[in-house]
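Read the structure below first, then the notes.
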Amino acid sequence: MTHVVVSGCVSCKYQECVSVCPVEAFREAETYLVIDPDECIDCAACVPECPVDAIYADYDVPEIEEYWIERNENEASRLEVATGESPILADE
């Protein structure tokens, strides 16, 4: 079991979720984050920290967002660990 970042994170500048992750499971794409399912320990610390409600347990992902489960898994292996130090989207 793992957590998944869905479309609500696209173009999101918040990274509070990254700073509370105890295992560096978040990976950073150009305009969004994903969670590496091999790193996620299912602690759910990130869920209440997400101001856009874009993080779900994999079994709770809304049907319309289910493609993000595979997207997180596929993209995590090619992306760098998110540091949480800078916004993903520079536009304010």
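The rows are residues; the columns are (1) at pLDDT below 95; (2) hydrophobic (A, V, I, L, M, F, W, C); (3) farther than 20 Å from ASN74 by Cα.
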site	(1), (2), (3)
MET1	yes, yes, no
GLY8	no, no, no
VAL18	no, yes, no
VAL23	no, yes, no
PHE26	no, yes, no
GLU30	yes, no, no
ASP38	no, no, no
ILE41	no, yes, no
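For segment 46-66, a residue qualifies if it is surrounded by fewer than 16 Cβ atoms within 10 Å (Cβ to Cβ) and farther than 18 Å from SER11 by Cα, and the qualifying residues are PRO48, ALA57, TYR59, ASP60, PRO62, GLU63, ILE64, GLU66.
Looking at segment 7-37, which of the residues that are part of a helix (DSSP H, G or I) and not aliphatic (A, V, I, L, M) is farthest from TYR67 (Cα to Cα)?
In this case the residue turns out to be SER19.
Here VAL4 clears all of (1) at positive phi; (2) part of a strand (DSSP E or B) except the condition numbered (1).
Does ALA76 satisfy the criteria of being in contact with a Lys or Arg (Cβ under 7 Å, 6 or more places away or on another chain), crowded, with 20+ Cβ neighbours inside 10 Å and at pLDDT below 95? When the stated conditions are applied, ALA76 does not pass them.
The values are calculated or read from the model by the stated rules, or taken from the named source; none is laboratory data. Nothing here was measured: the structure is a model prediction, and the numbers come from that model. Cβ coordinates were reconstructed from backbone atoms using ideal geometry, including for glycine residues, and neighbour counts include every protein chain displayed.
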